Amino acid sequence: MYRLVVEENDAGQRLDRFLRKYLRRAPLSAIYRIIRKDLKVNGKRGKEDQMLRAGDELTFYMSEEVIEDYAKATKPKASKRRFKIAYEDENFLIAVKPTGLLTHGDSKEKSNTLTNQVCGYLQQKGEYDPARERTFHPSPVNRLDRNTSGLVIFGKNAKALRQMAELLRRKDYVKKLYRTILCGVLENEQLVDEALTKDSQRNMVSVGTEDEKARESRTKVMPIRAGSRFTSAEVELITGRTHQIRVHMAHIGHPLAGDPKYGDARVNRNLKELGIGTQLLHAWKLEFSGDIDVDEYDTLGGLKGKIIEAELPPAYKSAEDKLLSGQ
């Protein structure tokens, strides 16, 4: 009989998802056979969708040798730190992601990511030990595209991660502001309220409410200054959908300068001659409300009422100067 007690960082997830993470090398058939056959939570038959709490005791029949093999973690290759730190406390780290770095791994790149770099940094500080964690590792709450730079929030523990994710879903407590360069001259502030549908196979997003998978999406854009053909703008991301800013700006006739997926192909060809080969988009500011209830969200006390900023990257500043001066 194998026994394990659910730790604080393992709580708040379904039984089957916990086991899939903990026994990460086990086939799915083995995971669900364990649950169906003999697994108990606090002495009672466990269910796949049962939510685990800290202190729950799980028991099931499996040798320690097999458990050790199934639970063995693959250590990611170390990668050089490329991010800066905009804010850090005992619960959160807000990193400044550079352009060209993935937030998470994908099918082509699994090791050199912002997430792995943050985990490596916290390991060096002694704040994260993967050998002691069953299922948790420091993770981002928000995500930026590879070629979008700026602020990414990481939870250092599972409770902080859950509370920040919940707060972001409530939308009224964290204002997310971006800087971008738009094609054309935008004269007035606009609120774009258009549902978006994602085509996962093509990794493309489109505007439209006809599809049953369409999700409510709202973006506010405010011009800062304009040249003859481009506008420097601040964008507030009210909801957080994939490619939302890029798709909404293209929809109103002002695609992001250099955007290879949703931009103006003719304009982009000219921009490449200036050394601009991708969208100019930077997540530059997070404003945390002073109304955050720190009794409900006790991990967020350090961020209550704070404004966190990330300076514009030099390449962005250079491109902005070129485009708005008309050179």
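A few points about this structure:
- Links that overshoot a 30 Å alpha carbon limit, given the list LYS220/LYS306; LYS37/LYS72; LYS84/LYS176; LYS21/LYS80; LYS21/LYS261: LYS21/LYS261
- Difference of contour (0.36 nm per residue) and Cα-Cα distance, ARG53 to ARG229: 57.7 nm
- Most mobile listed residue (GLN201, GLN190, GLN163) in the chain, GNM with C-alpha springs under 10 Å: GLN201
- Förster radius 41 Å - calculated FRET efficiency between ARG14 and ALA265 (Cβ-Cβ, nearest 0.05): 0.35
- Each other residue within a Cβ distance under 14 Å of ARG162 adds +1 if Lys or Arg and -1 if Asp or Glu, for a net charge of +2.
- Placing a label point 7 Å from the Cα of GLU166 along the Cα-to-Cβ direction, the residues of segment 298-315 whose backbone N falls under 14 Å from that point are 298-301.
- Calculated FRET efficiency for the pair HIS104/GLU273, C-beta based, R₀ 25 Å, to 0.05: 0.15
- Option label - volume of the Cα convex hull per residue in Å³ computed here, alternatives [x] 133; [y] 158; [z] 121: [y]
- Difference of contour (0.36 nm per residue) and Cα-Cα distance, SER79 to THR239: 54.4 nm
- Considering only alpha-carbon pairs that sit under 8 angstrom and 6 or more positions apart, the relative contact order computed for the chain is 14 percent.
- Segment 186-253 versus segment 15-77: alpha-carbon centroid distance in Å: 42
- Electrostatic tally near HIS254: other residues with Cβ closer than 13 Å to its Cβ, Lys and Arg +1, Asp and Glu -1, net -2.
- Straight-line reach from LYS44: taking Cα to Cα under 14 Å and skipping same-chain neighbours fewer than 8 places apart, the aspartates and glutamates in range are ASP56, GLU57.
- Under the criterion of Cα pairs below 8 Å and six or more residues apart, the relative contact order for segment 45-168 equals 24 percent.
- Length gained on full extension, ARG25 to ARG143, computed as 0.36 nm times the residue gap minus the Cα-Cα distance: 39.8 nm.
- A simple spin-label model places pseudo-atoms 7 Å from Cα toward Cβ; at LYS175 and VAL294 they are separated by 2.1 nm.
- Charged neighbours of LYS47, selected by a Cβ distance under 12 Å, balance to +2 (K, R count +1; D, E count -1).
- Judged by the gyration tensor of its Cα atoms, with axes a ≥ b ≥ c, segment 189-327 is oblate; a/c meets the 1.5 cut and b/c is at least as large as a/b.
- In segment 2-71, Cα pairs under 8 Å separated by at least six residues give a relative contact order of 49 percent.
- With N counted as the residues of segment 2-71, its alpha-carbon radius of gyration over 2.2 N^0.38 Å works out to 0.99.
- Per-residue Cβ neighbour counts within 10 Å put VAL207, VAL247 in the sequence VAL207, VAL247, beginning with the fewest.
Read-outs throughout are calculated quantities, based only on the coordinates presented, and are distinct from any laboratory measurement. Just so it is clear, the structure is predicted and the values come from calculations on it, not from any experiment. FYI the Cβ positions are ideal-geometry reconstructions off the backbone, even for glycines, and counts take in every protein chain you see.
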